[in-house]
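Since the structure comes first, as structure tokens, the remarks are kept for the end.
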Amino acid sequence: MASVLVVDDEPDIRYLVRELLERAGHDVVEAGDGTEALRIFFSSRPDLVVLDVSMPGLDGWGTLERIRDLSDVPVVMLTAQAQELAKVRGLRGGADDYITKPFGRQELLARVEANLRRQRSGSDAAPTYRDGFVTVDFAQRAVEAGGTALSLTPLEFRMLAAFVRNANQVLSHEQLLVLAWGDSRNVERDQVKLYVGYLRRKLGSPAGEESPIETVRGFGYRYRPPALA
């Protein structure tokens with residue numbers, strides 16, 4: 001059982017999502033706009049947020065930005081905007097998943113539970129990772145590369161965690177979709193390539209060397225840990 005904050009300005013949508021999640025055994029609290037959502041979020045600290053994009057006043061983008069200032073709780077965006085650019089904006093802004101209205105009840109429940117599973121499994125992992133270039137503090141969600149602190153989105157952080165926890169192993173596009181997004185369905189393979197590119201640029205590389213994230217043509221990607229000095 002988890003606590004879920006459902007944020008939508010449409011009461012019928014909130015009722016539908018609440019009924020679905022409560023039947024699955026979760027505790028649900030509701031908010032009708034972004035400002036109310038932030039008050040509830042900071043007082044109740046839910047395990048996951050289902051967040052509508054289009055709301056009067058403080059919209060979903062602004063609410064997401066404020067949540068991400070202090071927390072990496074999973075956020076599932078709920079919106080009628082089906083365009084790819086809107087999805088990319090949500091994911092780059094720190095959202096963990098994106099569901100387009102109208103949505104299937106079982107799809108929404110499956111995505112919520114996949115994100116909760118990923119969050120829980122991450123809490124059981126080793127607390128830190130370090131090689132000759134990258135240091136990851138999983139508990140604090142802190143990353144350094146070459147001694148410089150980096151700012152990663154939650155999705156970029158999960159992708160890096162997947163690489164370093166499976167160092168020297170080739171990870172396919174499908175494996176990365178599961179490890180970083182929590183589900184390989186309804187996510188385009190091209191998004192893996194896009195986010196690997198973002199992560200490479202942020203990490204950089206050791207002096208005189210290539211990026212530690214290698215492309216293995218026809219298979220996927222592999223993280224080669226730089227040697228300790």
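The values are calculated or read from the model by the stated rules, or taken from the named source; none is laboratory data. The model shown is predicted, which means the values in this text are computed figures rather than measured ones. Cβ sites come from the backbone with ideal geometry, for glycine too, and all protein chains shown count toward neighbours.
Number of residues in segment 96-126 that are modelled with pLDDT of 85 or more and of a type in the set (Gly, Ala, Ser) equals 3. The selection criterion, being in contact with a Phe, Trp or Tyr (Cβ under 8 Å, 6 or more places away or on another chain) and assigned to a loop (DSSP other than H, G, I, E, B), holds for ASP72.
Total residues in segment 88-108 satisfying the condition of being of a type in the set (A, V, I, L, M), surrounded by 17 or more Cβ atoms within 10 Å (Cβ to Cβ) and in a helix (DSSP H, G or I): the figure is 2.
Let's see how each residue does on (1) outside the structural domain of ARG201 (by TED's automatic domain parsing); (2) in contact with a Leu (Cβ under 9 Å, 6 or more places away or on another chain); (3) in contact (Cβ under 8 Å) with a residue 24 or more places away in the chain:
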residue: ASP137; (1), (2), (3): no, no, no
residue: GLU144; (1), (2), (3): no, yes, no
residue: LEU150; (1), (2), (3): no, yes, yes
residue: GLU156; (1), (2), (3): no, yes, yes
residue: MET159; (1), (2), (3): no, yes, yes
residue: PHE163; (1), (2), (3): no, yes, yes
residue: HIS173; (1), (2), (3): no, no, yes
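Of VAL17, VAL6, all but one fail to be buried (at least 18 other Cβ atoms within 10 Å of the Cβ) and either among the charged types (D, E, K, R) or over 19 Å from the mean Cα position of the chain (by Cα) (or both); the exception is VAL17. The residue pairs whose first member lies in segment 7-36 and is more than 16 Å from LEU48 (Cβ to Cβ), whose second member is surrounded by 14 or more Cβ atoms within 10 Å (Cβ to Cβ) and polar (S, T, N, Q), and whose beta carbons are closer than 9 Å, counting only pairs six or more residues apart or on different chains, are ASP9/SER54; ASP33/THR63; GLY34/THR63; THR35/THR63. Candidates are the residues of segment 24-46 that are part of a helix (DSSP H, G or I) and surrounded by 20 or more Cβ atoms within 10 Å (Cβ to Cβ); the one that is modelled with the lowest pLDDT is PHE41.
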